[in-house]
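The values are calculated or read from the model by the stated rules, or taken from the named source; none is laboratory data. Since this is a predicted model, take the numbers as computed values, not measurements. Note: ideal-geometry Cβ built from the backbone for every residue, glycine included; neighbour counts use all protein chains shown.
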Amino acid sequence: RKRIVSGVQPTGSIHLGNYLGAIKNWIELQNTYETLFFIVDLHAITLPYETQQLSKATRDTAAIYLACGIDTSKASVFVQSHVRAHVELMWLLSSATPIGWLNKMIQFKEKSRKAGDENVGVALLTYPVLMASDILLYQSDFVPVGEDQKQHLELTREIAERVNYLYGGRKWKKLGGRGGAIFKVPEPLIPPAGARVMSLTDGLSKMSKSAPSDQSRINLLDPKDVIANKIKRCKTDSFAGLEFDNPERPECNNLLSVYQLISGKTKQEVTEECRDMNWGAFKTLLTDALIEHLHPIQVRYEEIISDSAYLDGVLAKGAAKATDIADVTLNNIYQAMGFLQR
Ligand code: TYM
């Protein structure tokens with residue numbers, strides 16, 4: 001079976017963008033593919049963070065995966081730092097990654113500009129190499145992510161190709177390796193809708209965990225009244241009726257798309273249903289649909305998070321399975337790069 005990996009950072013709370021852009025799509029993929037989903041705690045320390053919050057946020061994120069429908073009889077769920085091979089491979093990959101490739105990363109440029117030079121650790125720059133390691137360790141075929149991770153996926157592909165070129169093929173054979181490429185070159189899976197959910201307060205910027213105002217996002221664990229209040233206060237416009245794809249109406253397009261994905265309707269159905277609606281009526285419809293969709297997830301989350309023995313068991317089993325796969329790749333690359341075998 002083809003293999004899929006993906007992950008979310010345990011920083012702030014998981015929001016509708018993470019859900020519609022990534023997690024919700026994982027649920028369907030786990031039926032067809034071999035899937036590994038991790039919580040990328042090592043990525044979460046690349047900007048200043050609260051040490052007291054990290055382990056709680058990591059557990060919460062795992063519980064949210066399960067509450068959203070990740071089924072541990074099909075998928076492996078684990079914590080990135082529990083599989084040491086991620087950091088180890090990253091060092092090897094970083095020797096084959098030109099700094100120029102990293103300097104071009106949009107997320108690095110944006111995050112470092114915001115943080116200011118004194119706060120930018122080296123890890124913020126090398127962050128995409130760790131991400132490449134997360135993916136290449138498992139010889140992944142596909143990586144389901146939102147639009148904002150596309151550039152990191154392209155970099156991952158370039159690193160894989162470069163390592164295959166530098167150390168794979170005939171050279172590797174001479175060192176006793178079994179032929180072929182060291183790494184499979186993975187492909188991103190970016191959903192046709194939901195890949196870029198926008199902020200509730202500005203239809204031109206993406207919904208993000210780090211935006212200062214909580215009003216800009218719907219968190220998966222927001223209580224009903226908070227959801228209702230955020231939708232009530234979200235930005236709209238003063239055009240008549242509602243429509244998709246009008247570039248002058250980014251908020252309208254975003255809210256209709258969210259409604260479409262959450263309700264499970266087609267774009268055509270939503271277009272017909274909402275064409276002649278005013279904002280008041282639509283906001284009620286959207287609020288109800290969000291609450292109906294998120295409420296069962298929240299109930300399951302509460303059950304899972306309160307059963308810590310169960311959650312620990314899931315994460316231990318996931319880490320053991322992941323370690324088995326990762327160690328094979330790691331041994332191969334050490335061999336291919338000419339290290340003395342243990
Ligand atoms: P992170 O934690 O920022 O986001 C997790 C996932 O959510 C998607 N996403 C969105 N999708 C649609 N609309 C939005 N507004 C939105 N905001 C976020 C992201 O595209 C992502 O799929 N570097 C990654 C985590 C990572 C990873 C990996 C992912 C580390 N290693 C290996 C895949 C494979 C990140 O920071 O995602």
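Taken over region 304-342, the criterion of being charged (D, E, K, R) and either touching a strand residue (DSSP E or B) at 6+ places or on another chain (Cβ under 8 Å) or in contact (Cβ under 8 Å) with a residue 60 or more places away in the chain (or both) is satisfied by 317, 321, 327.
Please state which one of 93, 102 is free of Cβ contacts under 8 Å to residues at least 60 places away in the same chain and of a type outside the set (Lys, Arg). Exactly one residue qualifies, and that residue is 102.
Residues that are within 15 Å of the ligand (Cβ to nearest atom) number at least 2 in the following helices (runs of 4 or more DSSP H) confined to region 89-199: 106-115, 122-136, 150-167. Considering only residues that are under 13 Å from the mean Cα position of the chain (by Cα) and assigned to a strand (DSSP E or B), which ones fall in region 23-37? Correct list: 36, 37. Summed over region 235-258, residues that are more than 13 Å from the ligand (Cβ to nearest atom), in a helix (DSSP H, G or I) and buried (at least 20 other Cβ atoms within 10 Å of the Cβ) total 3.
Residue check: residue 44 meets all listed conditions (1) buried (at least 24 other Cβ atoms within 10 Å of the Cβ); (2) of a type in the set (A, V, I, L, M, F, W, C); (3) within 26 Å of residue 199 (Cβ to Cβ) but one, namely (1).
Restricting region 210-234 to residues that are part of a loop (DSSP other than H, G, I, E, B) and crowded, with 17+ Cβ neighbours inside 10 Å, which is modelled with the lowest pLDDT? The residue in question is 211.
Look through region 201-213, keep the residues that are without any contact (Cβ under 8 Å) to a residue 60 or more places away in the chain and within 11 Å of the ligand (Cβ to nearest atom), and return whichever of them is farthest from residue 147 (Cα to Cα).
Taking region 201-213 as the starting set, the residues that turn out to be without any contact (Cβ under 8 Å) to a residue 60 or more places away in the chain are 201-205, 211-213.
Subset that is within 11 Å of the ligand (Cβ to nearest atom): 205, 211.
On the way: 205: 13, 211: 18 Å.
Among residues in region 201-213 that are without any contact (Cβ under 8 Å) to a residue 60 or more places away in the chain and within 11 Å of the ligand (Cβ to nearest atom), the one farthest from residue 147 (Cα to Cα) is 211.
Taking the listed residues 50, 34, the one that is more than 13 Å from the ligand (Cβ to nearest atom) and out of contact with any Lys or Arg (no Cβ under 7 Å at 6 or more places or on another chain) is 50, with no other qualifying.
State whether one or more residues within region 13-22 are touching a Leu at 6+ places or on another chain (Cβ under 9 Å) and at pLDDT below 95. Within region 13-22 (the criterion being touching a Leu at 6+ places or on another chain (Cβ under 9 Å) and at pLDDT below 95), the answer is yes, since at least one residue qualifies. The residues of region 165-209 that are surrounded by fewer than 16 Cβ atoms within 10 Å (Cβ to Cβ) and on the phi > 0 side of the Ramachandran plot, listed by number, are 176, 180. Scanning region 1-18 for residues that are under 15 Å from residue 143 (Cα atoms), in contact (Cβ under 8 Å) with a residue 40 or more places away in the chain and more than 8 Å from the ligand (Cβ to nearest atom) returns 2, 3, 4. Please tell me if residue 292 is part of a loop (DSSP other than H, G, I, E, B), acidic (Asp, Glu) and surrounded by fewer than 18 Cβ atoms within 10 Å (Cβ to Cβ). Taking the combined requirement at face value, the residue does not satisfy it.
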